[in-house]
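The values are calculated or read from the model by the stated rules, or taken from the named source; none is laboratory data. Just so we're clear, the structure is a prediction, and the values are computed from it rather than from any experiment. Note: ideal-geometry Cβ built from the backbone for every residue, glycine included; neighbour counts use all protein chains shown. SASA here: full protein model, heavy atoms, side chains in, ligands and nucleic acids out. Shrake-Rupley method; radii C 1.70, N 1.55, O 1.52, S 1.80 Å.
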Amino acid sequence: MRAARLIKMVLLLQSRPSMTAAELARELEVSERTVTRDAQALSEAGVPVYADRGRAGGYRLIGGYRTRLTGLARSEAEALFLSGVPGALREMGLEDAASAARLKVSAALMPSLRDASRTAAQRFHLDAPNWFREPKTPELLPAVADAVWDDRRIVARYRRGEAEVERELEPYGLVLKAGVWYLCARVAAGRGSYRVYRIDRFTAVDAGAERFERDEEFDLPGFWDERAEQFARSILRAEVVVRVSPSGVRGLPYAFDPQSAREALEAAGAPDGDGWVTLTLPVESEEVAHSQLASLGPEVEVLAPEALRERFAGDAIRLATLYRS
């Protein structure tokens, strides 16, 4: 533990002109007294750590000293490619590996480029979860992530409806979609097809030592895009016919699946004299369609089915009564 901390201290000092004892203590998660002892130990070992006294003082390396302890471990190199998604790294248990990788890269850079990570972080940030939804990290995510990294088979129990099912899986990849974690995996028995599992539905994961032979032709982004499109279309089992104003047309992609809204508009006829367009929209159900269409307010008129039209007519009467009083 101490050896790793001493190496990290050298890398920190190599990547910056100087650091105060308080800054080093914060980065190393130790006391300032421990920082003093570590600096003395490094100096005795031949590392030229120099301590500047006074209010503006701190620790620095002198004589152009550069350590060669900058080789990235595999886990650090892999985590580095995910360093733009800090929340995801933390949830998968890779935050420490990414931090070490960034330090090593920073230490290996020319002095004029050492602020690159800071300037990039000031300009770009990825916030994956949806608005107004508190993301909850699945408890079993780190175990699944470890198996994905190491190509190890897992035996997973997960909720399917009211029952629990157990499967032996070959975990190929993880996807974070709108704050929800999914596992793309192949059923191990008989080298089955690839499937998608919500990790928050896993109740147990047992990752053994047995590895599987990964299909190098598997394309995670392509697979996910295909399955996501199939899922979006599979749940659209009903249709509604509506008239939409020009303003409502602009709002359709925000109320409905954008691809389905675009296709419905392309198949629609020409606008009427008022600029309104009549089109048929695929929807999940009448209940869901009611909620989606309500977000467009008076910019949409339901023509069919009749039951949904009557429902909106009832809404209009209740609203008029409410606001008239």
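Odds and ends about this structure:
- Any hit, the range 232-240, residues being open to solvent by 50 Å² or more (accessible area, probe 1.4 Å) and at positive phi: no
- Residue ID - farthest from Phe231 (Cα to Cα), chosen from residues in the range 258-270 that are open to solvent by 60 Å² or more (accessible area, probe 1.4 Å) and either touching a residue at least 12 places away in the same chain (Cβ under 8 Å) or among the hydroxyl-bearing types (Ser, Thr, Tyr) (or both): Ala267
- Residues in the range 204-241 that are touching a residue at least 60 places away in the same chain (Cβ under 8 Å) and among the β-branched types (Val, Ile, Thr): Val205, Val240, Val241.
- From the options Leu293, Leu279, Leu319, residue that is closer than 19 Å to Arg250 by Cβ, part of a helix (DSSP H, G or I) and of a type outside the set (S, T, N, Q): Leu293
Yes/no matrix, rows are residues, columns are (1) out of contact with any strand residue (DSSP E or B) (no Cβ under 7 Å at 6 or more places or on another chain); (2) free of Cβ contacts under 8 Å to residues at least 60 places away in the same chain:
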position: Trp149; (1), (2): yes, no
position: Arg153; (1), (2): no, yes
position: Tyr158; (1), (2): no, yes
position: Glu164; (1), (2): no, yes
position: Ala189; (1), (2): no, yes
position: Ile199; (1), (2): no, no
position: Arg250; (1), (2): yes, yes
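- Here Pro298 does not fit the description of being surrounded by 13 or more Cβ atoms within 10 Å (Cβ to Cβ) and not β-branched (Val, Ile, Thr).
- Within the range 225-246, the set of residues being among the polar types (S, T, N, Q) and under 23 Å from Leu176 (Cα atoms) comprises Gln230, Ser234.
- Selection status of Glu226, modelled with pLDDT of 90 or more, farther than 23 Å from Thr137 by Cβ and open to solvent by 80 Å² or more (accessible area, probe 1.4 Å): no
Yes or no, residue by residue, for (1) open to solvent by 60 Å² or more (accessible area, probe 1.4 Å); (2) modelled with pLDDT of 90 or more; (3) out of contact with any Lys or Arg (no Cβ under 8 Å at 6 or more places or on another chain):
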residue: Glu162; (1), (2), (3): yes, no, yes
residue: Glu170; (1), (2), (3): no, yes, no
residue: Lys177; (1), (2), (3): yes, no, yes
residue: Cys184; (1), (2), (3): no, yes, no
residue: Gly190; (1), (2), (3): yes, no, yes
residue: Ser193; (1), (2), (3): yes, no, no
residue: Thr203; (1), (2), (3): no, yes, no
residue: Asp206; (1), (2), (3): yes, yes, yes
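- Among the conditions (1) open to solvent by less than 80 Å² (accessible area, probe 1.4 Å); (2) at pLDDT below 90, the only one that His290 does not satisfy is (2).
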